[in-house]
Amino acid sequence: MRKSLLALAAGLLLAGSVSAASAADKLKVGFIYLGPIGDLGWTYQHELARQALVKEFGDKIETTYLENVPEGPDAERAIEQLVRAGNKLIFTTSFGYMDPTLKVAKKYPNVHFEHATGYKRNANMSTYSSKWYQGRYIQGLIAAKMSKSGVLGYIGSFPIPEVVSGINATMIAAQSINPNIKVKIIWANTWFDPGKEADAAKALIDQGADVIMQHTDSPAAMQIASERGKLAFGQDSEMIKFGPKTQLTSILDTWAPYYIARVKAELDGTWKSEDTWGGLDSHMFAMAPYTNMPDDVKKIAEDAQAAIIAGKLHPFKCPVIGQDGKEIECKGGANLADGQILGMNFYVKGIDDKLPGK
Amino acid sequence: MELVEAIILSVLAASTPLLIAATGELVTERSGVLNLGVEGMMIVGAACGFGGAWLTGSIFIGALSGIIAGTLMSLIFALMALGLAVNQVATGLALTILGIGLSGLIGAGFVGERLTPAAQLHIPGLTDVPLIGRVLFGQDAFVYFSIALIIGVWWFLYRTRAGLILRACGDNHVSAHALGYPVLRIRTLAVMFGGACAGLAGAYLPLAYTPFFIPGMTAGRGWIALALVVFASWRPGRLVIGAYLFGAVTILQLHAQGWGVGIPSQFMSALPYLATVVVLVLLSRARTGGSTAPAALGTAFVPDR
């Protein structure tokens, strides 16, 4: 009955699906997914981590997920549905679930919530995110080395700090190799529309970009770059299948270590509300193998990765120069403060574009 | 000049699925049936189209699978909305929801696979002519077919007796019935044609546009096709203008962003919708006023025996 109720709820949420196995006395862990588990990107990586949980804890836990849950008020019903189904630890895996998660968390103080990429917390609601800009910095180094035209193409989703800090980290790195490097930025204003992402990649290549970077979720841009004989970086997942001679590397969201740690804490009764913002050093994400580049470029990338992990290299090391040529106030000692990166709403020097809304 | 050619090529690729799906829906609506399930039929067409092509290695069989899948989906709609006279709006919406779920199920085994996209025409000499060569003589079969399709539909609707009867069903099903025409049979055929077109339009995405399948890859194109039919005031000629205009503004706004025009990208993304609506509304105002919608659109017909 519970299963059919859940299935009904999922059906109401536009074609969701549900997986649940019934048993008593197990810790029930629930997941809310933004896309379909087969999106090959964002949601797929969360699903891989859920599968890793099942493998790690076996029959000590029982997991349930709801996929294709729209962000916004609709999500509240989906989260509450998971609570009513007896889930004690619930991962809500997209920024737009922030307020709905908080609302449900306040209503059910005995249930623990984990919200990805947000900033609102509660006694029973943690947040977790990754310092993807570290990966973008490494990509910037590679891109500047590999570009022959000196023009990089960047497909953005929405002009939010996470994406803007990625563009800035890329350009700071790229300028350290080639001070005259240019970047062309196209905002798709969507996270997922393969056709539009492909059109954006075509436009960038037609305008002279020869290395394509993306902050949208489908492998469409990789595929177009491969068709046109250019180079590209993947996003979220391994995308080398769509460009065996095209992918330089990809930022891989590896949520499994974090999810395993949090479920373990819940099982041990030591779970408490935390704010986790991890980088390459804490394995919140990883870089896909460095491919389709000469050994010297590979070495630069590997060295940068090692330096970032060792804490010797920070992409936003002061002084950071803004678009207007003025130095950005350095609030974090030697580097920009975390808060400045999490709220980044400016372009660095050398980007000839205007940040939407500025 | 190369850039202009590249832009036109991208525009054709972006407009073709909209044109094919909207052509089918135009015929459906002209018969008096409002099928809001275009998005659902398209995405199932995309999943089956990719599956067919991936399993057999033939783009043609892929396209055919898409057409058959779209037609089968539309038959579900016909059974409910025509056979049982269920509310057409609700049935169409349900068809979209069903289609999105079903396509994920069908496509689950194909996610992550890639195809060689549909071949493009190449006529030595002609295709190599600068600027217009590739535009006119270097497209894939879908593009040529979509143009033949809309011309065929125009000819059928306005130049054949069968087309006149179909329009009569859409304008006044009681009179058409009184004259002895099988209204429900005609409407069923029109709905099936709409489904076949939506299925083909869906199949175009993984077979030619972005040669892989991902759940949800139609990303709202079915809804745009629906809107185009309304704003084209149910006329094939305006539909062509609307579809290409929408595609053109979509591509141009991406290029404008790349050039750094400095207009907020959020506005640029809304521009294709704005431009298409404005132009098509102006076009329909320029001619005779009054509503051009099929008079019986969306109303159920239950024949008295």
- Go through the residues of the stretch B:245-253 one by one and say whether even a single one is crowded, with 17+ Cβ neighbours inside 10 Å, among the polar types (S, T, N, Q) and either free of Cβ contacts under 8 Å to residues at least 24 places away in the same chain or facing chain A (nearest Cβ under 9 Å) (or both). yes
- Task: Determine whether B:Ala275 is crowded, with 17+ Cβ neighbours inside 10 Å, away from every other protein chain (no Cβ under 14 Å), in contact (Cβ under 8 Å) with a residue 12 or more places away in the chain and part of a loop (DSSP other than H, G, I, E, B).
- Result: no
- Message: A:Glu62 - would you say it is farther than 23 Å from A:Thr216 by Cβ, within 25 Å of the chain's Cα centre (by Cα) and of a type in the set (Asp, Glu)?
- Response: no
- Message: I'm checking my understanding of the structure. Among residues of the stretch B:116-131 that are more than 10 Å from chain A (Cβ to nearest Cβ) and surrounded by 14 or more Cβ atoms within 10 Å (Cβ to Cβ), which one is farthest from B:Gly51 (Cα to Cα)?
- Response: B:Val129
- Message: Considering only residues that are buried (at least 18 other Cβ atoms within 10 Å of the Cβ) and either among the aliphatic types (A, V, I, L, M) or away from every other protein chain (no Cβ under 14 Å) (or both), which ones fall in the stretch A:61-75?
- Response: A:Ile61, A:Glu62, A:Thr63, A:Thr64, A:Leu66, A:Val69, A:Ala75
- Tell me, please, whether a residue that is closer than 23 Å to A:Lys26 by Cα, under 21 Å from the mean Cα position of the chain (by Cα) and either surrounded by fewer than 24 Cβ atoms within 10 Å (Cβ to Cβ) or modelled with pLDDT under 95 (or both) can be found in the stretch A:147-170. no
- Query: Which residues, counting only those in the stretch B:204-234, are under 11 Å from the mean Cα position of the chain (by Cα) and more than 8 Å from chain A (Cβ to nearest Cβ)?
  - Reply: B:Tyr204, B:Gly222, B:Trp223, B:Ile224, B:Ala225, B:Leu226, B:Ala227, B:Leu228, B:Val229
- Matching residues in the stretch A:324-339 - criterion: being in contact with a strand residue (DSSP E or B) (Cβ under 7 Å, 6 or more places away or on another chain) and within 30 Å of B:Gly258 (Cβ to Cβ): A:Glu327, A:Ile328
- Looking only at the stretch A:184-210, and only at residues there that are among the charged types (D, E, K, R) and touching a Leu at 6+ places or on another chain (Cβ under 9 Å), the one that is nearest to B:Val11 (Cα to Cα): A:Asp199
- Message: Is it the case, given these coordinates, that A:Ala286 is under 15 Å from A:Leu48 (Cβ atoms), away from chain B (no Cβ under 14 Å) and surrounded by fewer than 21 Cβ atoms within 10 Å (Cβ to Cβ)?
- Response: yes
- B:Ala141 more than 30 Å from A:Gly41 (Cα to Cα), at pLDDT 85 or above and either in contact with an Asp or Glu (Cβ under 6 Å, 6 or more places away or on another chain) or not aromatic (Phe, Trp, Tyr) (or both): yes
- Which number in (1) in contact with a strand residue (DSSP E or B) (Cβ under 6 Å, 6 or more places away or on another chain); (2) among the β-branched types (Val, Ile, Thr); (3) facing chain B (nearest Cβ under 10 Å) marks the one condition that A:Val163 misses? (3)
- Name every residue in the stretch B:71-97 that is surrounded by fewer than 21 Cβ atoms within 10 Å (Cβ to Cβ) and either part of a helix (DSSP H, G or I) or of a type in the set (Val, Ile, Thr) (or both), in order of residue number. B:Leu72, B:Leu75, B:Ile76, B:Leu79, B:Met80, B:Gly83, B:Val86, B:Val89, B:Ala90, B:Leu93, B:Ala94, B:Ile97
- Message: With the requirement that a residue be part of a loop (DSSP other than H, G, I, E, B), in contact with an Asp or Glu (Cβ under 8 Å, 6 or more places away or on another chain) and more than 16 Å from A:Val163 (Cβ to Cβ), what does the stretch A:322-347 give you?
- Response: none
- Item | Conditions (1) surrounded by 15 or more Cβ atoms within 10 Å (Cβ to Cβ); (2) at pLDDT below 85: number failed by B:Gly298 | (2)
- Query: Just a yes or no: is a residue in the stretch A:129-141 over 19 Å from the mean Cα position of the chain (by Cα) and at pLDDT 95 or above?
  - Reply: yes
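The values are calculated or read from the model by the stated rules, or taken from the named source; none is laboratory data. Just so it is clear, the structure is predicted and the values come from calculations on it, not from any experiment. All Cβ positions, even for glycine, are placed from backbone atoms using ideal geometry, and neighbour counts span all protein chains on display.
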